[in-house]
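Engineer: What follows is a structure written as structure tokens; I'll ask about it next.
The values are calculated or read from the model by the stated rules, or taken from the named source; none is laboratory data. Since the structure is predicted, the reported quantities are computational estimates derived from the model, not experimental observations. Quick reminder, even Gly has a Cβ in these numbers, built from the backbone with ideal geometry, and neighbours come from all protein chains shown. The protein model used for the area step is the full one, side chains on, heavy atoms only, and it has no ligands, DNA or RNA in it. Shrake-Rupley method; radii C 1.70, N 1.55, O 1.52, S 1.80 Å.
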Amino acid sequence: MPMKTNPTKRELVIAAAAHAVIKAYNLSRAEVWPQPPWETLDDDLKDSGIIGVRHALANPGVSHREMWEKWKATRMAQGWTYGPTLNRHGKEHPNLVDEYTRLPVEERRKDELFLETVRLINDIIGPQGAPI
């Protein structure tokens, strides 16, 4: 299934970079469900990242909590539900809790890392019209 978001090259670069940072973070803490490489992700997972990038870029003052809320809404719209353990095939995720404060601190760090990576890479790339 092709990506539904029809991302620009800029959005793909930023989303892949943010994904790589989260992947490294997960590896550093020996997470039970490590992130697969960006290139091997299902399109709906890539779309989720692109939607997050777009949300962060369109809302410069967005908070980490708001990023998680956007991620949660995107995943639920894709048919994901809460599950006590990650089940990619069954579309269940333990981070689809009812309130951000119920997320473990380690999981909240991912929202911070994602948002800060998006901002950093966007700043490095420069104005919207600058080529990549």
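Engineer: Mind giving me the nanometre distance, one decimal, between the label points for residue 97 and residue 39, set 7 Å out from Cα along Cα→Cβ?
Structural biologist: 3.6 nm
Engineer: In addition: Considering only the other residues whose Cβ falls under 12 Å of the Cβ of residue 6, what net charge follows from Lys and Arg at +1 and Asp and Glu at -1?
Structural biologist: Computed value for this residue: +1.
Engineer: Can you give me the P(r) profile for region 41-104? Cα pairs, bins 5 angstrom wide beginning at 0, each as a whole percent.
Structural biologist: Pairs per bin, as whole percents: 4, 18, 27, 25, 18, 7, 2.
Engineer: Let me ask you something else. What value, in deg cm²/dmol to 500, does the helix sum -39500 (n - 2.57) over DSSP H runs of n ≥ 4 give at 222 nm once divided by the residues of the chain? Please list the in-between numbers first.
Structural biologist: Working: 4 runs with 71 residues, N = 132.
Per the formula, -18000 deg cm²/dmol.
Engineer: Related question: Let me know the charge dipole size of the chain about its Cα centre in debye, to the nearest 20, where only the beta-carbon of Lys, Arg (+1) and Asp, Glu (-1) is charged. Kindly include the intermediate steps, with their values, before the conclusion.
Structural biologist: Values: 18 positive and 18 negative charges, 25 e Å.
Roughly 120 debye, rounded to the nearest 20.
Engineer: Quick one: ranking 82, 100, 25 by accessible area, 1.4 Å probe, largest first, what do you get?
Structural biologist: Working: 82 125, 100 20, 25 45 Å².
Accessible-area ranking of 82, 100, 25, largest first: 82, 25, 100.
Engineer: Given the pairs 9/72; 4/110; 9/70; 46/91; 23/110; 4/46, which span a C-alpha to C-alpha distance of over 18 angstrom in this model?
Structural biologist: Details: 9/72 24 Å; 4/110 24 Å; 9/70 22 Å; 46/91 15 Å; 23/110 10 Å; 4/46 9 Å.
From 9/72; 4/110; 9/70; 46/91; 23/110; 4/46, over 18 Å: 9/72; 4/110; 9/70.
Engineer: Ranked highest first by average number of other Cβ atoms within 10 Å, how do 73-80, 57-64 line up?
Structural biologist: Descending packing order for the listed peptides: 73-80, 57-64.
Engineer: May I ask you to give the solvent-accessible area per residue for the chain, in square angstrom, as obtained with a 1.4 angstrom probe?
Structural biologist: 56 Å²
Engineer: Same structure, new question: Given a cut-off of 26 Å, what percent of all Cα-Cα pairs of the chain lie beyond it?
Structural biologist: 16 percent
Engineer: Here's another thing I want to ask about it. Using 0.36 nm per residue, how much length does the chain from residue 66 to residue 107 gain when fully extended, once their Cα-Cα distance is taken away?
Structural biologist: Values: separation 41, 0.36 × 41 = 14.76 nm, distance 1.41 nm.
Length gained, residue 66 through residue 107: 13.4 nm.
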